[in-house]
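Written out below as structure tokens is the structure these notes cover.
Every number in this text was worked out from the coordinates using simple rules, so none of it is lab data. Computed from a predicted structure; not experimentally measured. Note that each Cβ is placed from the backbone with ideal geometry, even for glycine, and that neighbours are counted across all protein chains shown.
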Amino acid sequence: MGMTEHNRLVAQISAQDRELIKIVQRGLPIVSRPYAEIAHRLGTTEDDVINRLKNLIKAGAIKRYGVVVRHHELGYKSNGMVVWNVPDDKVDELGICIGKYDCVTLSYRRPRRLPDWPYNLFTMVHGHNREEVTQKVAEIAENCGLQDIDHTILFSTRRFKQRGAHYSQADNTAAADGNKPAHLKLISSKAQRSVKHDAS
């Protein structure tokens with residue numbers, strides 16, 4: 001999207017749409033009908049909230065709407081960022097193959113930083129422990145034909161942050177009604193987590 005198109009899109013977002021985005025980016029309320037609860041806060045209907053969100057997604061104002069899974073709390077305590085030195089003409093094909101595995105949450109291309117950093121494909125693999133992650137990486141390598149491809153597993157050693165992106169500077173506080181938000185967030189296409197890695 002060019003700057004002119006972006007400016008046009010921003011101009012088209014109504015004040016009510018902005019308020020909706022501000023509410024939803026905190027997380028959906030933990031109730032049986034979260035969109036009805038949001039509608040009540042905005043003084044509109046549940047259908048209107050759902051349709052507004054659909055339109056914002058369709059227009060590109062919301063790039064991605066999904067769940068941020070707190071995998072550590074679910075028992076997946078080891079995370080390995082696997083970096084691969086893949087031939088440039090094979091990155092798309094191999095990235096798609098790796099991305100099909102349930103244990104993989106990220107699979108994306110990055111530029112090499114030669115001569116020190118030859119890796120151009122990054123994949124995040126989760127497991128209950130390092131041994132499980134290592135086994136899964138070996139399985140992926142075998143099934144995707146990556147056995148002879150140079151790669152390294154960088155294990156996370158500390159989790160600094162995990163949440164969806166917040167776009168409103170004014171929205172840094174908890175919901176006014178005191179409800180703890182669910183982990184459903186507006187999330188950007190950029191990385192969601194900041195982690196420190198080691199190669200051990």
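Values computed for the structure shown
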item: Estimated vicinal HN-Hα couplings, Hz - segment 100-113 in sequence order (Karplus 6.51, -1.76, 1.60; Gly, Pro = x); result: 6, 7, 4, 6, 9, 9, 9, 8, 8, 8, 9, x, 5, 10
item: About the Cα centre, charge dipole magnitude for segment 1-137 (Lys/Arg +1, Asp/Glu -1 at Cβ), debye; result: 260
item: Cβ crowding within 10 Å averaged over residues, with 121-130, 105-114 ranked highest first; result: 121-130, 105-114
item: Interchain or long-range residues, amide H under 5 Å from VAL82's placed H; result: THR123, MET124, VAL125, LEU154
item: Cα-centre dipole for segment 71-162 with unit charges at Cβ (Lys and Arg positive, Asp and Glu negative), debye to 20; result: 560
item: Estimated inter-spin distance, ALA138 and ASN51, nm [label 7 Å along Cα→Cβ]; result: 5.7
item: Length added when fully stretched, ASP89-VAL67, from 0.36 nm per residue minus Cα-Cα; result: 4.7 nm
item: Phi to ³J(HN,Hα) by Karplus 6.51 cos²θ - 1.76 cosθ + 1.60 over segment 60-68, Hz, x for Gly, Pro; result: x, 5, 10, 6, 8, 10, x, 9, 9
item: Estimated vicinal HN-Hα couplings, Hz - segment 44-55 in sequence order (Karplus 6.51, -1.76, 1.60; Gly, Pro = x); result: 9, 9, 4, 4, 5, 4, 4, 5, 4, 5, 4, 5
item: Which of VAL91, GLY127, HIS72, positive extreme of dipole for segment 71-162 (C-beta unit charges); result: HIS72
